[in-house]
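J.: Before I ask anything, let me first share the structure, which is written out below as structure tokens.
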């Protein structure tokens, strides 16, 4: 029966000042660079693995002074093979843990609370590690304001268990290096190769025959052997002469010349000729083979075995399909897996409940997760289908701007680059079209759960505003006054973005955009001023009951009338949104016009967010 390291608390380690994270059998850590993912894995290593890497730089720094200790608390619980909580550990685990380490909560459920404390001993000029079995699992924060790490009730007792080995795989893995090191997982795997005496004799006879054949078939080797026998005339020896062995003589030496070849449809190539993707992937798979061997041996000896794997960036050097495949392979390894990644493909391959998102705000690292037990199956399906399957990159966003239309998606990133003097990619800001105001909620739930700041840049139609309001009320489970939501920017006068640009007087820029695009409709209806009418499909105020999207209808426009001029501009803009958006943004910048007021409001809020969180390099143009 398996177990589970359910909760991890860390205080005073690198950027992790005070954090608590719950884990699954497989947990995927996402988030931008420098948000604490690797630090979390290394904190697990402090508690369960090799601590020789610790230095003064690993102690949390605040206000110019270092923390004087590192604390890592772990809670182990019993679970069944499907990961469901059990009341008690089975007999084998009870024997391994011993009764004095096992505690019981107020509901009668067994658990083991483990604490690791690292301090610096100035007298010995070294780091001291203490391990403690806590008397309880304290609240993260008590009503009096005190935190878990201030509770010191426990018994000092070692808890490095042979049945719970810890494996750390960093992003720099390379099987070529593994082949050189006896301490690597490949080296350890090879060192455990065993043969029966009968097999040894048979294989070594075959090797001898192979060596004899190789020497006798080569005139060079045969001549060399004959000449070397002349040593007998100068040495008083009873030897049987000279042996030349192109192939290793003893089976115990086979691993010294170990090579790994991968074969395509025609030829095989040594690992030296393969790229880093294949070599990195192979290194990780050797760990899988090593754990499989340990698991098999534990089964033979009937001893409990539950490995903990901390894997950093398994996607390194791999193409998207390979990234998905390697996640499946890791997920199938026995034990508990914690994976840090920057890959949207790996994040999308995981289940929602397996995701933990790290986010750094004001030098304080937060970790969010999507509580699927609080969502119904349809909510989960929408997050998977509308958010993760299409926009997996937002797992790694610093902030996200949501909107409905294609023009915004094309134009806003260009205008943001002009305003901030750096691209949204550099800033970590994503601009995401949700495809209709009825689709906001899954995206908002995603961001709220993972602590990712968000903004809505909304059209101003009454129906749209009402739809945004309802989404926010479902998100917060309370009434919402849309005017009080500062991160929701709404276009005035019931405009969508295209109509808003016209109302703000960007007529010249719009006309120049169409001239640049050689837009046929524009040329026919405006430059040549042809008589007559033209049919267009326009959006009405009515919403489809089934799909909750706007209903369109066909109308005729008479472009000779002055009143029809702006309507014609609008028709042309909305009929060619993808082409129009980026060119219009460039024309606006070329003309040196100030950005539209609502766009400025949006960018100013993003700037204020980043200023608040210490991103001082993000400044106004």
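J.: Take every DSSP beta bridge with both residues inside the chain and express the antiparallel ones as a percent of the total, to the nearest 5.
T.: 65 percent
J.: Let me have the 222 nm mean residue ellipticity of the chain computed from DSSP H runs of 4+ only, each contributing -39500 (n - 2.57), with the sum over all residues rounded to the nearest 500.
T.: -10500 deg cm²/dmol
J.: Taking only the alpha carbons of the stretch 439-493, what extent do you get along each of the three principal axes, in Å, biggest first?
T.: 34, 21, 19
J.: Something else now. Test of understanding: ordering 544, 11 by Cβ neighbours within 10 Å, fewest first, what list do you get?
T.: Arranged by neighbour count, lowest to highest, 544, 11 become 544, 11.
J.: Shifting gears a bit: Based on the mean of other beta carbon atoms within 10 Å per residue, what is the order of 159-172, 131-144, most packed first?
T.: 159-172, 131-144
J.: In addition: Show me the three semi-axes of the equivalent ellipsoid for the stretch 370-612, from the C-alpha gyration tensor (sqrt of 5 times each eigenvalue), largest first, rounded to whole Å.
T.: The answer is 33, 22, 15 Å, longest axis first.
J.: First measure r as the distance between the Cβ atoms of residue 160 and residue 121, then evaluate 1/(1 + (r/R0)^6) with R0 = 25 Å and state the FRET efficiency to the nearest 0.05.
T.: FRET efficiency, residue 160 to residue 121: 0.80.
J.: At residue 353 and residue 216, where each label point lies 7 Å from the Cα along Cα→Cβ, what is the point-to-point distance in nanometres?
T.: Result: 6.8 nm between the two label points.
J.: Applying 1/(1 + (r/R0)^6) with R0 = 60 Å to the Cβ-Cβ distance of residue 539 and residue 193, what FRET efficiency is obtained, to the nearest 0.05?
T.: The formula returns an efficiency of 0.25 here.
J.: Mind ranking 122-130, 325-333 by how tightly packed they are, going by the mean number of other C-beta atoms within 10 angstrom, highest first?
T.: Descending mean neighbour count gives 325-333, 122-130.
J.: How far is helix 276-301 tilted, in degrees, relative to the longest principal axis of the Cα atoms in the chain, given as a value from 0 to 90 rounded to the nearest 10?
T.: Once rounded, one gets 60 degrees.
J.: How many percent of all Cα-Cα pairs in the chain sit more than 37 Å apart?
T.: Cα-Cα pairs of the chain separated by over 37 Å account for 53 percent.
J.: To the nearest 10 degrees, how steep is helix 440-449 against the longest Cα principal axis of the chain, on a 0 to 90 scale?
T.: 40 degrees
J.: If packing is taken as the average number of other Cβ atoms within 10 Å across a peptide's residues, how do 490-496, 215-221, 3-9, 187-193 rank, most packed first?
T.: Listed from highest to lowest mean packing, they are 3-9, 490-496, 187-193, 215-221.
J.: In nm, give the distance between the simple-model label positions of residue 487 and residue 421, each being 7 Å from the Cα along the Cα-to-Cβ direction.
T.: 2.7 nm
J.: Could you tell me the largest-minus-smallest coordinate of the C-alpha atoms of the stretch 297-400 on each of the three principal axes, in descending order and whole angstroms?
T.: Between the extreme Cα coordinates on each principal axis of the stretch 297-400 lie 53, 35, 33 Å.
J.: Got a sec? How would 363, 88 order by Cβ neighbour count within 10 Å, fewest to most?
T.: 363, 88
J.: If you don't mind, another one. Using the alpha-carbon atoms, what tilt in degrees (0 to 90, nearest 10) does helix 507-517 show relative to the longest principal axis of the chain?
T.: That works out to roughly 60 degrees.
J.: Would you mind ranking 173, 85, 478, 14 so that the residue whose beta carbon has the fewest other beta carbons within 10 Å leads the list?
T.: 478, 85, 14, 173
Taken together, the values in this text are just the output of simple stated rules run on the coordinates, not laboratory data. Note that the structure is a prediction, hence the values are computed from the model and not measured. All Cβ positions, glycine included, derive from the backbone under ideal geometry; neighbour counts span all protein chains shown.
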